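Asker: Once you've had a glance at the structure underneath, I'll fire off some questions.
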Amino acid sequence: MIPLFALSLTLNEQGKREVQRQIADSITTAMHYYFMTLEQELGRVIRTQQEFINDESLLELSNQYAILTDYDRTKATNALLARLKAFKDSSAYIANISVYVPSNRVTFSTKEGVDYSESEASDMMQISRAIYDGGIPLTSWNDGLYLNLTYPYFPVKPDESAKPPQFVQNIELSMPALRRALEALPIQGGAVLFGDSWQTARDPLHELLPEVMRRTAAERERETAFTRTLRIGGDTYIAMYEKSTVLDTSLIVYFPKDVIVGQLKTYGTWSWLLVCASLIVIILMSYSIYLLVHRPFKQLIGRFVNLERGNFEAAFKSLRKDEFGYLYQRFDRTMDRLRTLIDQLYVQKIRLQQSELKQLQMQIAPHFLYNSFYILHRLIRNGDNDTAELMSKNLGEYFQYITRNGLEEVDLISEVRHISSYIEIQNIRFSNRIRVDFGPLPEPYERIKVPRLILQPLIENAYEHGLGDVVTEGRLRISFETEGDRLYFTVEDNGKGFTAEAEDELHRKLFKDKEEGETTGLVNIQRRLKLKFGSAGGIEATNGDSGGARIRIYIPCVGGAKP
């Protein structure tokens, strides 16, 4: 047990390191996704902002404001304000949008509407000039963050004597929205988004924020992304940094290291306690087992040795009144019954193993797999995507059913669904050569338990042998009928049918008790039905009214229990 405990502890340590790495990777991915989302959203806002250069209402108000009639001026104003309102509502990061027209000293905004005040005009012009100090695309001014568009655009910083622009548009970004986005990051710590002259934090009053910013300042100058461990006030913190070159903006998240490893340390402690307790229990149990079990068990082993050598006659008398005494008595009784049942059970086991092996060989026929994938390849190559989709769906359901768990018995409805998938595949394969009439399974019999994979081989035989040579007008009828206390599953084709000799040979194999060399799939099904239902289940094989082969499986109508 010591090597197992050592392996368990080693795996625990490796798991701890892997969990730490996974959590760190998850936070890094969240930071990257945050930046990517922010870049995409602000990029969309900037592109929409640039489209305002061609806005008809804005051009009228900036170029023809003085000569417009009151009605036209009001109409253009309302149209511009409506579009600004729609633009603002399109993004949660926009707090306000303002458009200032210097020629008329009028400001249009989503917050104030139409404003003719000199203070608002002055603010707009100062923000437009601040872009040359703060950089593009984000402009910081008076504790606010803006996206500025000046038309026409001045390639250099204008002086006071420069010709005023036609209009200035400023988009004020929402600091609360940026803060809410930081709060959505999956960390139990702090986060701050910042530029050269501005910042917004998840918790602006967080006591560690200034210290984290100071400790990471040098590395932020050299690198665009890093993870660093900080020791602050006796506690260990992990700080993770990433910079967006597109926005010229940085993000730092920081959290206690115990967030990652705290619970894992507890698991490690409990693992050691479990090891110690297990060792004590193992020692005590080993000693008890030696006293109470070893000697009587050794006698029982000796009896098994005699049994292994074929000695079924040796008596095993004991006066013990405990569990071993009970085992000794039952062992003698089992020996007596074993002598009478061994032949029957052994033959039955071998027959089941052979039936299962042959059934599996029949299920996964290589030529069916090859043909199916070749047909799927041809459909995709010909561009018949709908049929290819149907083909791949049914092929997946077919192989999922035949390769799933080894349950011996399933509901009859599961078998019917499986053969439905198989028929769909064959319909695609044989195209218009064969028409299939598939009757429904009566609902009261859907839950009857039957041996798995007993229906599909009948239909496979009909396609491969009965209808394999049919060029046109092939017919395949599949139906369920009740007769008395039996439920019949019938597969009938209009192929060449059985010859008299073939029919006699098949009947001989179906109703012969002993194995006789290689057997067919029908014989395997017959034996499985007999093992399950006795005389109430089996196969009938004859020629049908159309001249082709007709194979019928019959089982009891109720419950599926052996009568």
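Asker: About the Cα centre of the range 179-261, what is the dipole size in debye to 20, counting +1 per Lys and Arg Cβ and -1 per Asp and Glu Cβ, all else neutral?
Answerer: Dipole magnitude for the range 179-261 comes out near 60 debye.
Asker: Once phi is turned into θ = phi - 60°, what whole-Hz ³J(HN,Hα) does the Karplus curve with 6.51, -1.76 and 1.60 give for every residue of the range 413-418, x standing for Gly and Pro?
Answerer: My calculation for the range 413-418 gives 5, 5, 5, 5, 5, 5 Hz in order.
Asker: Among the GluC sites (Glu not before Pro) in the range 71-120, which ones are in a DSSP loop with at most 13 other Cβ atoms within 10 Å of the Cβ? Mind listing them?
Answerer: On the way: sites: GLU112, GLU118, GLU120; in loops: GLU112.
Passing both the DSSP loop test and the Cβ count: GLU112.
Asker: When every alpha-carbon pair in the range 364-556 is counted, what percent end up more than 31 Å apart? Don't skip to the answer; put the middle values down first.
Answerer: Numbers: 3272 of 18528 pairs.
I get 18 percent for the Cα pairs in the range 364-556 exceeding 31 Å.
Asker: How much length is gained if the chain between ASN63 and ASN382 is pulled fully straight, taking 0.36 nm per residue apart and subtracting their Cα-Cα distance, in nm to one decimal? Mind showing how you got there, number by number?
Answerer: Details: separation 319, 0.36 × 319 = 114.84 nm, distance 5.98 nm.
So the extension gain works out to 108.9 nm.
Asker: Could you derive backbone 3J(HN,Hα) for the range 251-256 from the dihedral phi with the Karplus parameters 6.51, -1.76 and 1.60 (θ = phi - 60°), listing whole Hz in sequence and x where the residue is Gly or Pro?
Answerer: Residue by residue, the range 251-256 yields 9, 10, 10, 9, 7, x Hz.
Asker: Based on the mean of other beta carbon atoms within 10 Å per residue, what is the order of 320-330, 50-60, most packed first?
Answerer: Details: 320-330: 13.1, 50-60: 15.8.
Ranked by mean Cβ neighbours within 10 Å, highest first: 50-60, 320-330.
Asker: Still on this structure: Pairs LYS512/LYS532; LYS393/LYS530; LYS111/LYS243: which exceed 24 Å Cα-Cα? Spell out each step's value before the answer.
Answerer: Numbers: LYS512/LYS532 17 Å; LYS393/LYS530 34 Å; LYS111/LYS243 32 Å.
Long pairs (Cα-Cα over 24 Å): LYS393/LYS530; LYS111/LYS243.
Asker: OK, next. For a quick check: with amide H placed at 1.01 Å from N, whose amide H comes under 5 Å from LEU145's, ignoring anything fewer than 5 positions away on the same chain?
Answerer: When sequence neighbours closer than 5 places are left aside, the close amide H contacts are LEU173.
Asker: Work out from phi, with θ = phi - 60° and the Karplus expression 6.51 cos²θ - 1.76 cosθ + 1.60, the ³J(HN,Hα) of each residue of the range 170-183, listed in order in whole Hz, and give x for Gly and Pro.
Answerer: Going residue by residue, I get 10, 10, 8, 7, 8, 5, x, 5, 5, 5, 5, 5, 5, 5 Hz, with x marking Gly and Pro.
Asker: Taking 7 Å along the Cα-to-C-beta vector as the label spot, tell me the SER431-ASP248 distance in nanometres, rounded to one decimal.
Answerer: Those two pseudo-labels are separated by 6.7 nm.
Asker: Could you tally the net charge around LEU379, taking each other residue with its Cβ under 15 Å from the Cβ of LEU379, Lys/Arg +1 and Asp/Glu -1? It would help to have the intermediate numbers written out before the result.
Answerer: Numbers: positive: ARG378, ARG381, LYS393, ARG429; negative: ASP384, ASP386, GLU389, GLU424.
Overall, the nearby charge balance is 0.
Asker: Then there's this: Please give the Cα centre distance for the range 443-457 versus the range 39-108, rounded to the nearest Å.
Answerer: 71 Å
Asker: Does the range 466-517 classify as rounded, prolate or oblate by the C-alpha gyration tensor (a ≥ b ≥ c root eigenvalues; a/c under 1.5 gives rounded; else a/b over b/c gives prolate, otherwise oblate)? Can you show the working numbers first?
Answerer: On the way: a/c = 2.88, a/b = 1.16, b/c = 2.48.
Oblate is the answer for the range 466-517, as a/c is 1.5 or above yet b/c matches or exceeds a/b.
Asker: Subtract the Cα-Cα distance of GLU409 and TYR287 from 0.36 nm times their separation in residues, and report this length gain in nm to one decimal.
Answerer: Numbers: separation 122, 0.36 × 122 = 43.92 nm, distance 4.53 nm.
Extra length from GLU409 to TYR287 when fully extended: 39.4 nm.
Asker: Roughly speaking, what is the stretch gain from THR28 to LEU279, that is 0.36 nm per residue apart minus the C-alpha to C-alpha distance, in nm to one decimal? Intermediate values should be presented prior to the final figure.
Answerer: On the way: separation 251, 0.36 × 251 = 90.36 nm, distance 4.21 nm.
Result: 86.2 nm gained on full extension.
Asker: Based on the mean of other beta carbon atoms within 10 Å per residue, what is the order of 528-541, 440-453, 270-283, most packed first? Don't skip to the end; give the middle numbers.
Answerer: Details: 528-541: 18.1, 440-453: 16.4, 270-283: 11.7.
Descending packing order for the listed peptides: 528-541, 440-453, 270-283.
Only the coordinates and a few stated rules stand behind these numbers; no lab work does. Remember, it's a predicted structure, so these values are computed and weren't measured experimentally. A quick note on method: Cβ atoms are made from the backbone with ideal geometry, for glycine too, and the neighbour counts reach across all protein chains shown.
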